Structures are given as structure tokens and as C-alpha cells.
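Chemist: My questions will all concern the structure given below.
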Amino acid sequence: MEKVLASIFLVAGLFVIKVCTDSDVSHSVLIPTISTFSPRSGAAGTEVKLIGTNFSTIVSENTVCFSGKLAIVSTASSTLLTVKVPESATRGRIMVKVGEQSATSSSDFIIATTLGKARE
């Protein structure tokens, strides 16, 4: 009788292990998006708000670049990032990277000089 019960528990335990393996759980990858940003232009140091989806709520997990130049992220939520335009930025797209996933703005951010003229 003990051998029969032990066999039943062993089989039941193996069934539970099989049912709960990691390969059976689907993993979805969340890809960030940039819907819009504001303002559309500004000088180095200007605070820009990026509105989108799937940003990390942890500031350090979001990498933002203006035309390839690294920006400073000051606040983060899943739908809003607040960043400062880097000194070396030129006119171009804004890129957000979260983990291995990234998004690029559909339009350029225009860099304005202190004289009010656009810098290319």
C-alpha cells in the first residue's frame, strides 16, 4: 500500500512539474513607442516631454538620444518621459531604448540656438 501511494504521489508530482514549467508560460515583449513630444524645438538644456507607451517607470532603465546624443532622463512613467536636450544635439530624431527594445520619433526635434535660429 505504501509503494502504491508513493507511486501516485510521484506521478502527481511529475505532472505538476510538467504543467508549471517555464517553457509553457508565454512571455510578451513590450516595445516602446513615441507618440509625440513637446516642445518640437528648443535649445540645449530644454526640457522635453516624450509621450508614448511601454517606457520603464525606472528612470535609469530608459535611454534617450537626440540625433544620437545621450540625453538626461529626469522623470519616467510608463507613458511619459521628461528629458533635457543634450549640449551636442543637432536636428534629428529622438530615440528611446528600454532594455533591448527601441522606438524612434516620426519627426525631427529642431535645435534652436540662443539667437533663435535653427541649428542643423
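The values are calculated or read from the model by the stated rules, or taken from the named source; none is laboratory data. All values derive from a computational prediction rather than experimental measurement. Cβ: placed from backbone, ideal geometry, glycine included. Neighbour counts: every protein chain shown.
Chemist: Give me the residue from region 53-68 that is among the hydroxyl-bearing types (Ser, Thr, Tyr) and in a loop (DSSP other than H, G, I, E, B) and, out of that set, farthest from the chain's Cα centre (by Cα). Step through it out loud before you land on a result.
Modeler: Pass one, region 53-68, residues among the hydroxyl-bearing types (Ser, Thr, Tyr): 53, 56-57, 60, 63, 67.
Checking which are in a loop (DSSP other than H, G, I, E, B) leaves us with 56-57, 67.
Numbers: 56: 5, 57: 9, 67: 17 Å.
Per the stated criteria, the residue is 67.
Chemist: What number of residues within region 72-85 are closer than 17 Å to residue 33 by Cα, of a type outside the set (Ser, Thr, Tyr) and surrounded by 15 or more Cβ atoms within 10 Å (Cβ to Cβ)?
Modeler: The total comes to 4.
Chemist: Quick one: in region 69-92, of everything that is without any contact (Cβ under 8 Å) to a residue 24 or more places away in the chain and in a strand (DSSP E or B), which residue is farthest from residue 30 (Cα to Cα)?
Modeler: 69
Chemist: Out of all the residues in region 62-120, which are at pLDDT below 95 and of a type in the set (Phe, Trp, Tyr)?
Modeler: Result: no residue meets the conditions.
Chemist: Hey, another quick one. With respect to residue 92, is the statement that it is surrounded by fewer than 15 Cβ atoms within 10 Å (Cβ to Cβ), closer than 16 Å to residue 34 by Cβ and more than 14 Å from the chain's Cα centre (by Cα) true?
Modeler: On the way: surrounded by fewer than 15 Cβ atoms within 10 Å (Cβ to Cβ): no; closer than 16 Å to residue 34 by Cβ: yes; more than 14 Å from the chain's Cα centre (by Cα): yes.
Considered against the rule, which asks whether it is surrounded by fewer than 15 Cβ atoms within 10 Å (Cβ to Cβ), closer than 16 Å to residue 34 by Cβ and more than 14 Å from the chain's Cα centre (by Cα), residue 92 comes out as no.
Chemist: Hey, does region 37-49 have a residue that's buried (at least 17 other Cβ atoms within 10 Å of the Cβ), within 17 Å of residue 97 (Cβ to Cβ) and among the β-branched types (Val, Ile, Thr)?
Modeler: yes
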